[in-house]
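Peer 1: Encoded as structure tokens, here's the structure I'll be asking about.
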Amino acid sequence: MYISYYGLSSFKIIAKSAGRGSEDVTIIFSPFSKKVGLNPSQAKADIVIVSLNDELFNNTNSIKGDPIIIDTAGEYAIKGVNVLGFEAFADYNKGEVRGKTVVYILNVEGLKLVYLGALGEELSPDQLEQVMDADVLFLPIGDKNGLDGRTAEIISRKIEPKVIIPMQYKTKNIKTDDLRDVSDFCSNIGSCPSNTQEKILVNEKELEDKKMEIILLELV
């Protein structure tokens, strides 16, 4: 599968729905409004996954095609993609500021993808058990209403994914004061790369020798 990044918490994943030779399935996470200062995704998608009812995460109208929209906790099986979603607090005040987010676990192409959405505090033991041993962890690191760099680092070390893709941090042109840049997280975890990648290829072979590798993606 290929993973590319629109900014904030929005990604596009193109995967094979039923293995090699099968049709592609396109998944878009948390499309944002153009009000934030970035160009929202206008891609065609099969599945759109929304983690929080907020303009930073829920601009599904920008997505082309006739996608199936997942915006609540539950279990889903769509075009060869298995999705499990559970609720967690979206801020460090037990949801008083932003309510609850949905954390999603995707199984596709034999890989476990964990998308922490707008998570605002550490996971409970039961929640942590569900996301352990992720192949790819999409980790919010810069939201001033959510995880700071230290808490994001603690969570990632508990999950021990093969790859960490940071998200929800300040980049050029974003029109909000509620985000930190990557430096807080990077100074805590101590191993951020100096270069960004345009997109990444992820499969079982590519991941077999990786552990807690951080990948920073360029905005498309």
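All of the numbers you see were taken from the coordinates with simple rules; none came from a lab. Fair warning: this is a prediction, and the values are worked out from it, not measured in the lab. Virtual Cβ from ideal backbone geometry, glycine too; neighbours counted across all protein chains shown.
Peer 1: Beta carbons within 10 angstrom, averaged per residue: use that to sort the peptides 153-163, 91-101, highest first.
Peer 2: Ranked by mean Cβ neighbours within 10 Å, highest first: 153-163, 91-101.
Peer 1: Please compute the modelled spin-label separation between ASP133 and ASP181, points set 7 Å along Cα→Cβ, answer in nm with one decimal.
Peer 2: 3.9
Peer 1: Listed here are the pairs LYS16/LYS44; LYS64/LYS170; LYS100/LYS211; which of them are more than 19 Å apart at the Cα?
Peer 2: Beyond 19 Å: LYS64/LYS170; LYS100/LYS211.
Peer 1: Determine the percent antiparallel among the DSSP beta bridges restricted to the chain, to the nearest 5.
Peer 2: Given both bridge residues lie in the chain, the antiparallel proportion sits at roughly 60 percent.
Peer 1: Could you give the length gained on full extension between THR72 and THR60, defined as 0.36 nm per residue of separation minus the Cα-Cα distance, in nm?
Peer 2: Net length gain for the segment: 2.9 nm.
Peer 1: For segment 134-151, just list the computed ³J(HN,Hα) in residue order, Karplus coefficients 6.51, -1.76 and 1.60, θ = phi - 60°, integers in Hz, with x standing in for Gly and Pro.
Peer 2: Result, ordered by residue: 5, 6, 10, 10, 8, 10, x, 10, x, 7, 5, 8, x, 6, 8, x, 5, 5 Hz.
Peer 1: Go ahead and estimate [θ] at 222 nm for the chain from helices alone: -39,500 (n - 2.57) per DSSP H run with n ≥ 4, summed, over the residue count, rounded to 500.
Peer 2: -3500 deg cm²/dmol
Peer 1: Going by average Cβ neighbours within 10 Å, how do the peptides 132-141, 196-205 rank, with the highest at the top?
Peer 2: The densest-packed peptide leads the list: 132-141, 196-205.
Peer 1: Follow-up. Tell me, what is the percent relative contact order of the chain, built from C-alpha pairs under 8 Å that lie six or more residues apart?
Peer 2: 18
Peer 1: Now for a different question. When DSSP beta bridges are limited to those with both residues in segment 1-101, what percentage is antiparallel, rounded to the nearest 5?
Peer 2: Percentage antiparallel, nearest 5: 70.
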